[in-house]
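Colleague: Below is the structure I would like to discuss, written out as structure tokens.
The values are calculated or read from the model by the stated rules, or taken from the named source; none is laboratory data. Owing to the predicted nature of the structure, the values given are computational and were not obtained by experimental measurement. Cβ placement follows ideal geometry from the backbone for every residue including glycine, while neighbour counts extend to all protein chains displayed.
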């Protein structure tokens, strides 16, 4: 069974083992450092048969090497899947149960036969789609890891 926590731990280990090289490249050319970082993400994702992507909505975050692999992560399992294999209400209920009552959970991307769930956190959001998940938040909270592990087990790799 593929777990998010294992995937992220492997990504972080790959980044840490390449930290010095990434730091040298970053000082010379941030664009090349971004390419090398995504090569590590692609490699890690390929070992799990998925596409792992790291995003930098704030371009200055590229200089924060310690944050690599801890936030703004996209995982694409099946880009063509349009509906969830379980009821959407179950996904929403589990989000509140796992992440707490302070989160806001909404239906999202409900057009052209597609469905999705958006979870608004105190800091950031999680977008759950039938074939992918996008974490626009820090993933260092065990509650987030546990919820995404549940998603991996019940939606993406059932």
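Colleague: Residues of the stretch 119-130 being within 18 Å of residue 155 (Cα to Cα) and surrounded by fewer than 19 Cβ atoms within 10 Å (Cβ to Cβ), which ones? If you could, list the steps in order and put the result at the bottom.
Modeller: If we filter the stretch 119-130 for residues that are within 18 Å of residue 155 (Cα to Cα), which is where we start, we get 119, 126-130.
Passing the criteria: only 127.
Colleague: Of all residues being more than 17 Å from the chain's Cα centre (by Cα) and part of a helix (DSSP H, G or I) in the stretch 63-81, which is nearest to residue 152 (Cα to Cα)? Just the residue, please.
Modeller: Among those residues, the one meeting the criterion is 65.
Colleague: How many of the residues in the stretch 109-133 are at pLDDT 95 or above, in a loop (DSSP other than H, G, I, E, B) and under 22 Å from residue 78 (Cα atoms)?
Modeller: Qualifying residue count for the region: 4.
Colleague: Give me a count of the residues in the stretch 82-102 that are crowded, with 18+ Cβ neighbours inside 10 Å, in a loop (DSSP other than H, G, I, E, B) and free of Cβ contacts under 8 Å to residues at least 60 places away in the same chain.
Modeller: 0
Colleague: From 37, 52, 22, 7, which residue is in contact with a helix residue (DSSP H, G or I) (Cβ under 9 Å, 6 or more places away or on another chain), crowded, with 16+ Cβ neighbours inside 10 Å and part of a strand (DSSP E or B)?
Modeller: When all the criteria are applied, what remains is 52.
Colleague: Write out, first by first residue and then by second, each pair whose Cβ atoms fall under 6 Å of each other, whose residues are 6+ apart or on separate chains, and whose first residue, in the stretch 34-48, is within 14 Å of residue 74 (Cβ to Cβ) and in the same structural domain as residue 67 (by TED's automatic domain parsing) while the second is part of a helix (DSSP H, G or I) and modelled with pLDDT of 95 or more.
Modeller: 44/10; 44/11; 44/14; 48/7
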